[in-house]
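Undergrad: This is the structure I have questions about; it appears just below.
The values are calculated or read from the model by the stated rules, or taken from the named source; none is laboratory data. The structure presented is a predicted model; accordingly, all values stated were derived computationally and were not measured. Please note: Cβ atoms are built from the backbone with ideal geometry, for glycine as well, and neighbour counts cover all protein chains shown.
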Amino acid sequence: MTTNHRRIVHHGRMGTSKPRRQYAALPCRSGTEGQPEILLVTSRETGRWVLPKGWPMKLRRPHQAAAIEAYEEAGVRGRTVKTALGTYEYDKRIEGGAVRCRVRVYPMTVERLEDEWPEKAQRSRRWFSPLDAAERVDEPELRALLRDFALTIPTAEATDPMPVPAGKAANAKALKVAGAKKPAGKKALAKGAAKAGTRARKKPAAKKKAAKAGDATLDPRSIVKSVGKAARKVLEHLKAPTGKSGGKKAGRIRGATSTA
């Protein structure tokens, strides 16, 4: 970790306090044969394979902190899913003992691999299949999380291509050909409601807020549901049209297979 961002660190002895929070990125890409791959890095102390992770940061949301750690520890940049894939716990070694940490994992679609990054001299990086990555990590909960991820996310060959969103003009033309009318906007709906002597119905703010809060639930018992939602997001990113420049970028990502 570098010192460019102010991290909130609370050290405590094992068994004397609740687990400390950390945020990890799960860097993903579509491999040469369309199979999803996961990037792992080595830890500085023991050289074991881990996810890039770190402490909470001031003025940064969890998924943003995870993205910063992914760049500093693995030299990757991309889009990070805001919904956590799940959590796992491990014992972080510190001077004089260890501290229990609970880590939230945020999937990240890798768009660029940097040749130079802050911790390049201290770590190695390598791409693995999800199942192979699960066998390389030591933490039981993380291993189970990666296995669930491997079973949930489909391969590129088994998935229909993502539709390319049409522009406004194309949508209007399609509606005209189909003989359908363009959906009324908010102003039109309000005007029609006024004529009918009624008010346009709106979704209660309380329910909307509650629904949003419910989506962020990280109860371990609902981990499979979280895995499915995050995996679909990753798949959408991997299948998104890239264009000429994006195609070249994807080629560079696939070509850089690993290394310190």
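Undergrad: Which residue out of E69, E45, E95 is of a type in the set (D, E) and modelled with pLDDT of 95 or more?
TA: Result: E69 is the single residue among E69, E45, E95 that is of a type in the set (D, E) and modelled with pLDDT of 95 or more.
Undergrad: If you don't mind, another one. Looking only at the range 65-101, how many residues end up being among the small types (G, A, S), assigned to a helix (DSSP H, G or I) and over 12 Å from the mean Cα position of the chain (by Cα)?
TA: Selection size over the range 65-101: 1.
Undergrad: Return the only residue of I38, I68 being in the same structural domain as V103 (by TED's automatic domain parsing), touching a Pro at 6+ places or on another chain (Cβ under 8 Å) and aliphatic (A, V, I, L, M).
TA: Residue meeting the stated conditions: I38.
Undergrad: Also, quick follow-up: Provide a single number: the residues in the range 126-154 that are among the acidic types (D, E) and either farther than 20 Å from S30 by Cβ or outside the structural domain of A74 (by TED's automatic domain parsing) (or both).
TA: 4
Undergrad: Another question about this same structure. Only residues that are among the acidic types (D, E) and part of a loop (DSSP other than H, G, I, E, B): list them for the range 105-139, please.
TA: If the condition is that a residue be among the acidic types (D, E) and part of a loop (DSSP other than H, G, I, E, B), then E114, D115, E116, E119, D138, E139 are the ones that fit.
Undergrad: Does V103 satisfy the condition of being modelled with pLDDT of 95 or more and either of a type in the set (A, V, I, L, M) or in the same structural domain as D148 (by TED's automatic domain parsing) (or both)?
TA: In short, yes.
Undergrad: Condition first: touching a residue at least 60 places away in the same chain (Cβ under 8 Å) and among the charged types (D, E, K, R). Now tell me which residues in the range 93-114 satisfy that.
TA: Those that are touching a residue at least 60 places away in the same chain (Cβ under 8 Å) and among the charged types (D, E, K, R): R100, R102, R104, E111, R112.
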